Amino acid sequence: MFSPTNTPYLQQLLSIIVPHCFHSHPAFIHTSIILLPAYSPFFMALIPLFAILFFMASSTSTNAYWPPSPGYWPSSQFRSMSFYKGFRNLWGPQHQSFDQNALTIWLDRSSGSGFKSVRPFRSGYFGASIKLHPGYTAGVITAFYLSNNEVHPGFHDEVDIEFLGTTFGKPYTLQTNVYIRGSGDGKTIGREMKFHLWFDPTKDFHHYAILWSPKEIIFLVDDVPIRRYRGARFPMRPMWVYGSIWDASSWATEDGKYKAEYKYQPFVAKYSNFKASGCSAYASRWCRPVSASPYRSGGLTTKQRWVMRWVQRYHMVYNYCQDPKRDHTLTPECSP
């Protein structure tokens, strides 16, 4: 029970409040609390102020890493489709099921599974709401991506959203990547940017999307732009939309340090709210590319660009352009 003379209570309260409000050095905090009995009346007068600052700091820290509103929601501009209207199974049909408007695919010791769009596209908006498997998922990749690998094996283009599995207590890493082997690069060159999300992707469905136009590629999470790729080397050949779950133990989790452990199988991923809108490979050359902003010409609004930079500041954990081990003569888009 609180009372003005309850010094242990004051010590406990301030041991919580002071670090949050002032980020003080632990030694200073400890000394202040030890000296409390001599200054209790003084500190008592400040307790209401400390309490207000504490709750303000707590509120700020809770929301500090949730992105601001982008002000525009491109997913609302494109109609959802049923899985069977736009996609088909590609491999692992026995590891795939559809119920309650969601596609479930899973990986176990015998196989993973994948799916593919019926049509190829030369530009468009491609999205799906995805819910990931919780717990130990090291070595496991859950992916949603564009590719023309089947048509151009070994010399293909690809645009990836990949979820790199993790170990207990560590977050998933969302990896975005652009391969342009068939449209300018002389060899396979990854253009990876990696993020830790501001939510737990295993708790609920979240919408992940790629907007590919003739001049830029924009990656979005719940309509928040997280990356934009533009460069002289750019994928221009038609690509299909894919999704898959598979074992990539050789590299997926901390460069292959942790492998898939099948005692935790099956590893399950759920996909719903499929969107694939734009110019198919068979469309007229007059087909207008879609946009991630209100501007029909494409690009992002000032606010969308600001939010994207905000996400990259607080949630990006790797950028190939900032990697000193990379040969940046191979990635001219990294030049200032």
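Points to keep in mind about this one:
- The trypsin sites (Lys or Arg not before Pro) of segment 223-269 that meet both conditions, a loop assignment by DSSP and at most 13 other Cβ atoms within 10 Å of the site Cβ, are 230, 257.
- Rounded to the nearest whole Hz, the Karplus-based 3J(HN,Hα) values (6.51 cos²θ - 1.76 cosθ + 1.60, θ = phi - 60°) of segment 207-218 follow the sequence 9, 10, 8, 10, 10, 10, 10, x, 10, 7, 10, 10, with x at glycine and proline.
- Label point distance in nm, residue 250-residue 262, each placed 7 Å from Cα along Cα→Cβ: 1.8
- Along segment 238-249 the Karplus relation, 6.51 cos²θ - 1.76 cosθ + 1.60 evaluated at θ = phi - 60°, assigns HN-Hα couplings of x, 9, 9, 9, 10, x, 6, 9, 7, 8, 10, 4 Hz to successive residues, with x for each Gly and Pro.
- Distance between the pseudo-spin-label points of residue 236 and residue 65 (7 Å out from Cα toward the beta carbon): 4.1 nm.
- Environment charge of residue 307, counting only residues whose C-beta is closer than 11 Å and scoring Lys/Arg +1, Asp/Glu -1: +3
- Potential lengthening between residue 109 and residue 281 on full extension [0.36 nm per residue; Cα-Cα distance subtracted]: 58.2 nm
- In nm, spacing of pseudo-spin labels at residue 97 and residue 199 (7 Å Cα→C-beta vector): 2.6
- Normalised contact order of segment 158-254, rounded percent, pairs of Cα under 8 Å and 6 or more residues apart: 22
- In plain terms, the residue of 199, 234, 267 with the fewest other Cβ atoms within 10 Å comes first and the most crowded comes last, giving 199, 234, 267.
- Computed 3J(HN,Hα) for segment 126-138, one whole-Hz value per residue from the Karplus formula 6.51 cos²θ - 1.76 cosθ + 1.60 where θ = phi - 60°, is 10, x, 7, 8, 10, 10, 9, 6, x, x, 6, 9, 3, glycine and proline marked x.
- 27 Å Cα-Cα reach of residue 259 towards lysines, excluding residues that sit fewer than 8 places from it in its own chain: 116, 131, 170, 194, 203, 270, 325
FYI, it's all coordinate maths here, none of it is from the lab. For clarity, every value in this text was computed on a predicted model and none was experimentally measured. A quick note on method: Cβ atoms are made from the backbone with ideal geometry, for glycine too, and the neighbour counts reach across all protein chains shown.
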